[in-house]
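The next block holds one structure in the form of structure tokens; read it before the comments.
Each value in this text was obtained by applying a stated rule to the coordinates, not by laboratory testing. Predicted model only: the values in this text are computed from it and were never measured. Every residue, glycine as well, gets a Cβ built from its backbone with ideal geometry; the counts of neighbours run over all protein chains shown.
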Amino acid sequence: EYSHIQGTRWNKNVITYSIGRYTRDLPRSTVDSLVESAFSVWARASSLTFVRSHTRNADIMVEFVTYEHGDLYPFDGPGGTLAHAFGPGLGAGGDTHFDDDEHWTAGETGFNLFVVAAHEFGHALGLKHSRNPDSLMYPTYRSSRPANLLSREDVANINALYSPARGR
Ligand SMILES: CC(C)C[C@H](CC(=O)NO)C(=O)N[C@H]1Cc2cn(c3ccccc23)CCCCCCNC1=O
Ligand SMILES: [Ca+2]
Ligand SMILES: [Zn+2]
Ligand SMILES: [Zn+2]
């Protein structure tokens, strides 16, 4: 939710990501696949492609961190804020941080990493919060989300930002 500048976007269609510190709540391979699935939610709804890189100069750095972790937005321990992401841009742009004081799961208990990651990657692509509770970009976590994670509004918003006309 730190993409204060309205409508910043990546000016390319292939966006790289890398995963830094992991959580101990899940096997690394599970984190890898949930992160990849969360990116593919947006890839399917836009013209974007996400490529995993193993270097630290990827566009989107994904990390599990706690409390003070090197940016202006320290986490708050268990509960409260679950994660945050920066809007598109160089350096910290796109970077996505998960509060590792949460219990991250692949299922219905704790907080579902796939659902939270999909929300955060919306920010990493330039989307802001929605006031519509059906939107993935609604500011509070909802465990039982519909199968199709994105609302019509979410699809419209990502396409407005990355419409083929603008992707030129
Ligand atoms: C959308 C989500 C994936 C990411 C958002 C943050 C965000 O928008 N990141 O991009 C988030 O963490 N929202 C809080 C908002 C929130 C709810 N409460 C809070 C109590 C204190 C602080 C924040 C909250 C009430 C108690 C429930 C706490 C546990 C769930 N927390 C939330 O839903
Ligand atoms: Ca927290
Ligand atoms: Zn958010
Ligand atoms: Zn952070």
- Honestly the stretch 31-168 on the Cα gyration tensor test (a ≥ b ≥ c root eigenvalues; a/c under 1.5 rounded, otherwise a/b vs b/c for prolate or oblate) is just oblate
- Return the whole-Å distance between the Cα centroid of the stretch 89-111 and the Cα centroid of the stretch 33-85. 6 Å
- HN-Hα couplings for the stretch 71-88 via Karplus (6.51, -1.76, 1.60; θ = phi - 60°), in whole Hz with x for Gly/Pro, come out as 10, 7, 10, x, 7, 10, x, x, x, x, 6, 9, 5, 8, 8, 8, x, x
- Message: Can you sort K12, K128 from fewest to most other Cβ atoms within 10 Å of each residue's own Cβ?
- Response: K12, K128
- Item | the stretch 97-102 - phi-based ³J(HN,Hα) in whole Hz, Karplus 6.51/-1.76/1.60, Gly and Pro as x | 10, 10, 6, 7, 8, 8
- Message: Neighbour counts of other C-beta atoms within 10 Å: give me S130, S143 arranged from fewest to most.
- Response: S143, S130
- Message: If R₀ is 45 angstrom, what is the calculated FRET efficiency for the pair S29 and R131, using the beta carbon separation as r and rounding to 0.05?
- Response: 0.75
- the stretch 101-168: C-alpha gyration tensor shape, a/c 1.5 cut-off, then a/b vs b/c: prolate
- Query: For the stretch 56-133, what does the alpha-carbon gyration tensor say about shape, rounded, prolate or oblate, given a ≥ b ≥ c as the root eigenvalues, a/c under 1.5 as rounded, and a/b over b/c as prolate?
  - Reply: oblate
- Could you put T30, T109 in order, starting from the residue whose Cβ has the fewest other Cβ atoms within 10 Å? T109, T30
- Which of Y22, Y141, Y67 fluctuates most in a GNM of the chain (C-alpha springs under 10 Å)? That residue is Y67
